[in-house]
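Working notes, beginning with the structure itself.
The values are calculated or read from the model by the stated rules, or taken from the named source; none is laboratory data. These figures come from a predicted structure and were not determined experimentally. Cβ: placed from backbone, ideal geometry, glycine included. Neighbour counts: every protein chain shown.
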Amino acid sequence: MEPPGVDLYWLPLGAGGWFVRLNGKAYEALAAALDRRPRADLYHSALIVTLPEARFAIESGPITDGDPAARGVVCEGAVGHCALGRFRVFRYEVRSWRDGVIPDLGEAVDSPRRLTDEPAIARRLLDLAPRIPSPVWGRDELGTGDMWNSNSVVSWLVTASGLDVEPIRPPAGGRAPGWSAGIVTARRAPP
């Protein structure tokens, strides 16, 4: 078993899936044109929390088949619009999965990044997972100036647990849309 701590992983958006990759490229092309800047690689973040008793994978993504409790689902939310959330294809889940797997971890870039070696902080972060907000994915319902997504979940956990989020950046030449939404939300109303 690895030593206790929290590791951050940057996964290229759409790693292992053409649909997400295609939509991400279209989104980034539009965002770059509107912002009058060059296109960047987009990244999705995930965490591995290691404690003496177990290792936990924390990630968000589409709802999958099977028992939600078996894969550590701590919350769910709608994607795109709250009315669409009644359809499974327009829902996401956040997993804090004991002995879980992060798909495509082998494609991670500039990872892992060790955020802490302190077991108490790792445990606090893990304990906060069931309290993650779950607004509509891809929208700015919380008025943060950034959309809510998987990066928001990770940055919310990092900030709420007391870790220093300021020096964390995606890999060179990349962006992590949604990252600031989690930070702003955690600072506004600490859990």
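The set of residues in region 151-191 that are among the small types (Gly, Ala, Ser), within 17 Å of Pro112 (Cβ to Cβ) and in contact with an Asp or Glu (Cβ under 7 Å, 6 or more places away or on another chain) contains only Gly174. The set of residues from region 63-83 being out of contact with any Leu (no Cβ under 7 Å at 6 or more places or on another chain) and either closer than 16 Å to Trp148 by Cα or among the basic types (Lys, Arg) (or both) comprises Arg71, Cys75, Glu76, Gly77, Val79, Gly80, His81, Cys82.
Conditions (1) on the phi < 0 side of the Ramachandran plot; (2) surrounded by fewer than 17 Cβ atoms within 10 Å (Cβ to Cβ); (3) touching a residue at least 12 places away in the same chain (Cβ under 8 Å); (4) β-branched (Val, Ile, Thr), marked per residue:
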{"residue": "Ile58", "(1), (2), (3), (4)": "yes, no, yes, yes"}
{"residue": "Gly66", "(1), (2), (3), (4)": "no, yes, no, no"}
{"residue": "Ala70", "(1), (2), (3), (4)": "yes, yes, no, no"}
{"residue": "Ala78", "(1), (2), (3), (4)": "yes, no, yes, no"}
{"residue": "Arg88", "(1), (2), (3), (4)": "yes, yes, yes, no"}
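The residue of region 171-191 that is nearest to Leu142 (Cα to Cα), among those that are small (Gly, Ala, Ser) and surrounded by fewer than 16 Cβ atoms within 10 Å (Cβ to Cβ), is Ala189. Taken over region 99-147, residues that are part of a loop (DSSP other than H, G, I, E, B) and in contact with an Asp or Glu (Cβ under 7 Å, 6 or more places away or on another chain) amount to 6. Within region 111-132, residues that are modelled with pLDDT of 95 or more and hydroxyl-bearing (Ser, Thr, Tyr) reach partners that are assigned to a helix (DSSP H, G or I) and surrounded by 15 or more Cβ atoms within 10 Å (Cβ to Cβ) with beta carbons closer than 7 Å, at six or more positions or on different chains, in the pairs Thr116/Ala122.
You will find that of Val94, Val165, Val136, the residue that is crowded, with 21+ Cβ neighbours inside 10 Å and touching a Gly at 6+ places or on another chain (Cβ under 7 Å) is Val136 and no other. Summed over region 1-51, the residues that are over 21 Å from Met147 (Cα atoms), touching a strand residue (DSSP E or B) at 6+ places or on another chain (Cβ under 9 Å) and either at pLDDT below 80 or acidic (Asp, Glu) (or both) give a count of 3.
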